[in-house]
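Okay, so here's the structure we're looking at.
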Amino acid sequence: MDVAGLPEDLKASVMAADVLIVPSMMPAQPKAFMEGTMDLYAVLKTLMGDKIEICIADDDYEEIELNSRILRLGRFCVKKVVLPVFLGVLSAYIYDRIKEPEPIEVSVELPEYQQPATVSFTIEVEDTLGKKKEFQYEGPAADYKEIAAEIERLWNEE
């Protein structure tokens, strides 16, 4: 992880973090985080402890809000050792934010604002030897548990 430009006191905690929330790398605002990042950070910190960090100085932090039915969680760098715990905490967070009933089969086209909520995120997983894999998902929030299991399976495949 490139820590250039971070304050000295933040560099050490970024390098020691098991889960790192990084800017979403949107071309127009490369240092911006997705709306709700601080809420997610608080949940992760509470449930996973002090090995969680946001990769930006407090004074530089900004959020971008994109209005739609997509819960954009952002981009995460996760150490392999905490991947199962992280995916479980993320699952609980998604469930709490969405809280939708099971999908209902309908025979008519629904407008976008009535479509089931979707979730979007990117997770880069790294093991102790520096091997990395990146996983991206954008799809129905209801499918998250299957996606989380697939991420773990794909990571362990090699």
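The values are calculated or read from the model by the stated rules, or taken from the named source; none is laboratory data. A quick note: this is a predicted structure, and the numbers were derived from the prediction, not measured. When we count neighbours, we look across all protein chains shown, and the Cβ atoms used for this are built from the backbone with ideal geometry, even at glycine.
A few points about this structure:
- Scope the stretch 46-63; condition closer than 17 Å to Cys77 by Cβ and exposed (fewer than 12 other Cβ atoms within 10 Å of the Cβ); matching residues: Asp50
- Residue list for the stretch 34-84, restricted to those being touching a Pro at 6+ places or on another chain (Cβ under 8 Å) and over 25 Å from Pro140 (Cβ atoms): Cys55, Ile56, Ala57
- Test: residue in the stretch 63-72 that is among the basic types (Lys, Arg), in contact (Cβ under 8 Å) with a residue 24 or more places away in the chain and over 20 Å from Glu134 (Cα atoms): yes
- Any hit, the stretch 123-133, residues being within 13 Å of the chain's Cα centre (by Cα), modelled with pLDDT of 90 or more, hydrophobic (A, V, I, L, M, F, W, C) and within 22 Å of Met15 (Cβ to Cβ): yes
- Residues that are surrounded by fewer than 19 Cβ atoms within 10 Å (Cβ to Cβ), closer than 18 Å to Ser91 by Cβ and in contact with a helix residue (DSSP H, G or I) (Cβ under 7 Å, 6 or more places away or on another chain) within the stretch 31-45 comprise just one, Val43.
- Meets criteria (without any contact (Cβ under 8 Å) to a residue 60 or more places away in the chain, surrounded by 13 or more Cβ atoms within 10 Å (Cβ to Cβ) and not in a loop (DSSP other than H, G, I, E, B)) for Phe76: yes
- Filtered by the rule that a residue be at pLDDT 80 or above and within 22 Å of Val89 (Cβ to Cβ), the stretch 1-21 gives Ser13, Val14, Met15, Ala16, Ala17, Asp18, Val19, Leu20, Ile21.
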